[in-house]
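The values are calculated or read from the model by the stated rules, or taken from the named source; none is laboratory data. Keep in mind the model is a prediction, meaning the values are calculated, not measured. Cβ: placed from backbone, ideal geometry, glycine included. Neighbour counts: every protein chain shown. Please note that ligands, DNA and RNA were not included when accessible areas were found on the heavy atoms of the full protein model with its side chains. Shrake-Rupley method; radii C 1.70, N 1.55, O 1.52, S 1.80 Å.
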Amino acid sequence: MLRSTPFGAILVLALAAPAAQLPAQAPPLVLPKASPRASVSQTVGLTEIGITYDRPAVNGREIWGKLVPYDSVWRAGANENTVIAFSSPVKIGGKEVPAGRYGLHMIPTASEWTVILSRQASAWGSFSYDPKEDVLRVQVTPKPAEFRERLAYTFEDPDAGSTVATLRWEKLAVPLAIEVDSKTVVTDSLREQLRGLPRFSWQSWSQAAAWCAANGVNLEEASAWADRSIAMNQNFTNLGVKAKLLELRGDSAGATGLQRTAFGLATENEINLYGYQLMGQGKVDSAIVVLRKNTKDYPKSWNTYVSLGEAYARKGDKKLAVRAYSKARTMVQDPTQRSRIDGVLAGLR
């Protein structure tokens, strides 16, 4: 005969059962987000700038002043914080911003917007936003733009020292100009790099000094770097860098003397490359002097005559260019190079 078990007794037995016998909570599934995650980055000099955000859609809605209210702090995206990050200090609106990660918020209005960078970069949207955590507030002016269904950030007009990060959504573009003191950033980076493995090669010291000379910065320390390179291996390259630094620091006589010494150590290829460097700087007459000397020092090298011919051609002296290329044509053995020179001569005549 079966006997019924009271419901209370069943409940007591269930609660007393070992945890392993209880049904486990189902793990959450990973599913696509309505506002997908995105990121965009831009390098300015050596500074990495990145923005991570979620991309809401217009979806037929009225955005500005409705879905995104005016005069209220907005997360400048969807879901968790929109985050902007800088690998080195930058300037925004003339204000210094240290390297780091920042929550990006905005206060839209019908005209001017306020862009906010917050020290809190891990919050959910702007719901816990606290103005006490502001690192920066700057006013910007939105501009009309082509329609975008999904919110996007872009970087425009990047150069060695600046870029513009722009929020684009619906028919509006909100630009944020970012400046980077790239010369200081690169100089600091060179100091750090020269404390590592590169310090054991003359090329690294020379390259660092040459960058400073080309950019007109840190000239005194760069001169010491050039001296370090010369002490390791004196050659045409590092003597030329040192000469340039002396010239920049007002020692023309010392620069001229070092340049003479450098030319005495130069190889054919180094002089050839130097000639092209001068041409790249628009100093065609100086390049012709250097490359003409190379043909005299290395009269059996067809390549020296090709380079001299190119310099004459850039100057617009077709007669001397044809003469130099023709000389190279009589010396070269490789059929590919012969064909190339024939093509150049055909264009000059």
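Taking every alpha-carbon pair in the stretch 270-349 and binning the separations at 5 Å intervals from zero gives 3, 18, 28, 24, 19, 7, 0 percent. Label zone (Val217, point 7 Å along Cα-to-C-beta; backbone nitrogen cut-off 20 Å) within the stretch 28-69: 42-50.
Calculate the spin-label point distance for Ala231 paired with Ala38, positioning each point 7 Å from the Cα along the beta-carbon direction, and give it in nanometres. Inter-label distance under the simple model: 5.4 nm. Counting only protein heavy atoms and a 1.4 Å probe, the chain has 57 square angstrom of accessible area per residue.
Our Cα-only numbers for the chain put the radius of gyration and Dmax at 33.1, 123 Å.
Which of Lys242/Lys315; Lys283/Lys319; Lys244/Lys300; Lys242/Lys318 have a Cα-Cα distance over 26 Å?
As for pairs spanning more than 26 Å Cα to Cα, those are Lys242/Lys315; Lys244/Lys300; Lys242/Lys318.
Leaving out ligands, DNA and RNA, what percent of the accessible area of the stretch 87-191 is carbon and sulfur, probe 1.4 Å? That fraction is 53 percent. If you take the beta carbon distance between Glu179 and Arg314 as r and set R0 to 41 Å, what does 1/(1 + (r/R0)^6) give as a FRET efficiency, to the nearest 0.05? The formula returns an efficiency of 0.70 here. Accessible surface of Thr261, taken over heavy atoms with a 1.4 Å probe and every protein chain present, rounds to 60 Å².
Heavy-atom accessible surface of Lys318, to the nearest 10 Å², is about 120 Å², with a 1.4 Å probe and all protein chains retained. Students often forget the sequence filter, so: which lysines lie under 16 Å Cα-Cα from Lys66 once same-chain residues fewer than 8 apart are removed? Counting by Cα, and skipping residues close in sequence, Lys66 has these lysines nearby: Lys171. Would you tell me the accessible area of Phe147, worked out with a 1.4 angstrom probe on the heavy atoms of the protein chains, in Å² to the nearest 10? That residue has around 110 Å² of solvent-accessible surface. Stretching Thr256 away from Thr109 to a fully extended chain increases their span by 46.7 nm, per 0.36 nm per residue minus the current alpha-carbon distance.
Here Lys95 is the anchor, and the lysines within straight C-alpha reach of less than 26 Å, apart from those fewer than 8 places off in the same chain, are Lys132, Lys143, Lys183. The trypsin sites (Lys or Arg not before Pro) of the stretch 133-167 include none that meets both criteria, a DSSP state outside H, G, I, E and B (loop) and at most 12 other C-beta atoms within 10 angstrom of the site's C-beta. Taking the Cα centre of the chain as origin and assigning +1 to Lys and Arg Cβ atoms and -1 to Asp and Glu Cβ atoms, the resulting dipole is close to 1220 debye. Per the Debye formula on identical point scatterers at the alpha carbon atoms of the stretch 39-189, with no solvent, log10 I(q)/I(0) at q = 0.19, 0.20 Å⁻¹ is -1.18, -1.30.
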